[in-house]
Structure formats: C-alpha cells, structure tokens
1. Quick one: if the Förster radius is 22 Å, what FRET efficiency do residue B:94 and residue A:32 give, using the C-beta to C-beta distance and rounding to 0.05?
2. For B:10, B:37, what ranking results if the residue with the fewest other Cβ atoms within 10 Å of its Cβ goes first?
3. Please compute the average number of Cβ atoms from other chains found within 10 Å of each residue's Cβ in peptide A:40-53.
4. Got the relative contact order for the range A:1-51 handy, in percent, Cα pairs under 8 Å and 6 or more residues apart?
5. What average count of beta carbons from other chains do you get within 10 Å of the Cβ of residues in A:89-97?
6. Taking 30 Å as R0, compute the FRET efficiency from the Cβ-Cβ separation of residue B:138 and residue A:90 and round it to 0.05.
7. Add -39500 (n - 2.57) for each DSSP H run of 4 or more in chain B, then divide by its residues: what number comes out at 222 nm, to the nearest 500 deg cm²/dmol?
8. Can you tell me which of A:90-97, B:12-19 comes out highest on packing, and rank the rest after it, using the mean Cβ neighbours within 10 Å?
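Read the figures in this text as sums done on the coordinates, not as results from a lab. Since this is a predicted model, take the numbers as computed values, not measurements. Quick reminder, even Gly has a Cβ in these numbers, built from the backbone with ideal geometry, and neighbours come from all protein chains shown.
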C-alpha cells in the first residue's frame, strides 16, 4: 500500500481546520485560482484525495465529472462559504444518469418527501 | 445496407460460427451489465447516505470554527493551528472490483497530543470544533472512496452498455441478414438447377 497526501482547496478561512488534522492546504481566492491549483495537484500524483469547497468549484463543476478514468486521485466536494449547495449530489446524479440512462436518485427523493 | 458476401456454402458456415460467437458474447456482456447495475445501485445508495451524513456533520464543524474565530483573535488562532498540526497519512491501493480498478483508502491519523495549544489562550470552542472535524474526517475519507468507485463503475457500465447495444442492434442482425441472404441464394440456385434439368429431360424425350 502506497501512502498519499491529502489536499484541501478552498477559501482560507474555511479550510484552516483541516490544517489541524494534517492535510495540506491550498488557499484559493477565486474559482480561477482554484481551478489552476486543482489541475496542478491532479497531475502531481502525490495526492490520494483532493477536497475542494463547493464555492470554489462551482464554475468548473461540469469538468470534474469527466475526470474519472484513473482510480486516483479522488476529488471530493465539501461545503463552501454558502454551506451545502447540493453540488456533490448533483454530480452523482449526473453520473448515474449517464450510466443508467435514467435518474434513479431523483425519484427516490421525491418519493421520500 | 448492402449485403456483400459470396453466396457459398463455406461462407455460410463461417457466418454461422461468427453469429454463435457474437450471441454468446452478447449474453456474457449482458450478464456482466446486470451484475454491474446491481452493485451500482447499492453503491449509489451508500454514497447518498454517507454524503448526507458527512455534510451535516461538516456544517456543524464549520460553524464551530466560525465561532472559535469570533471568540479568539486571528493571531492566536493562527498560532494554535501552526503549533499543533496533526498528522494524517492516507494509505491507498487499488482493488479490482468486477474488473474495474477502484481505490481503497485507509486513513491513519495522529492527533496532535491533547490539541497542542494551551488552555488559556484558545477557547473551548476551538477544541470542540477540531474534535468534531476529526471525527467526521474518517467518514469523509470513506466518502472519497465510495464516490470515486461510483464514478468508475458508472464509466464501466456505460462502456459495457455500448458494447451490448452494438452487438444486439448492429452486429447480430447483420450476421443474421447475411446468413439469410446466402440461404436464399443457394435455394434459388437449387431451384434454377432443377428447372433446367426438367427442361433438358423434356427436350431429350421429344
């Protein structure tokens, strides 16, 4: 088993807590910067998991769904400045829709409500 | 589509063999697709549950940090964070699950001992926030694994479905069509031959 580092990309104030746990912080002021950092980290191959806040990821969220061909790294959304915006579930929904050809999650949530 | 085959018996045998292989391949792929789907639904469900839990917990931790920020000065908080970095090591390997390479994560966390910062300067809110974040983090890593697996499985499902469809709707009908064409042609030749013989026989008799 190889060891990997974990990275967090996001607004400095938001991600500081993860520094306490020993993750590497990559503060980004805006989406553009976040995207650049993410691209770099992705090619780096040193990171196993890259966490990114929804508020930073929102402008390029569509791309992240397409980065799935290699097993590593795993890119995960965490709630951003506006709290939980439902990005991550939206992304999974899109992936599922493409794979199955139908939206199975949507129906479930509607059924619950 | 235009059919281009030699209407010979040999060609027909060859086609039939190919058809048998295609049908068998189609059946196998279809079975694989079904199995993938079954796995996939469970995974998606697990992912959704995990995601919802983690997000709720993270919101709590984030709130805690905001509170800590409000109570303490920026310098104190910064100093506390610098002096007491924990260590988090992620071990990862890939595992083949239904012939899809998926990651498996194992988290080894070393908590900074007793939250390295002192009692006097930092507030209890910070301790609390760090603790709740640390607790959530294991689930977060689990989520990273499940989410990536879902992603990879989805890609595999899509690929497999394309293959199944290509076999079912293109290759197999084409082969059947060709085989049918050859049989018809051979039959037709046979009939032509028969009439010719009858005709010749009649001419000979006269």
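1. It comes to 0.10.
2. Ranked by crowding around the Cβ, least crowded first: B:10, B:37.
3. Going residue by residue through A:40-53 and averaging, the value is 2.
4. 46 percent
5. Taking the mean over all residues of the peptide, I get 5.
6. 0.75
7. Result for chain B, helices only: -27000 deg cm²/dmol.
8. A:90-97, B:12-19
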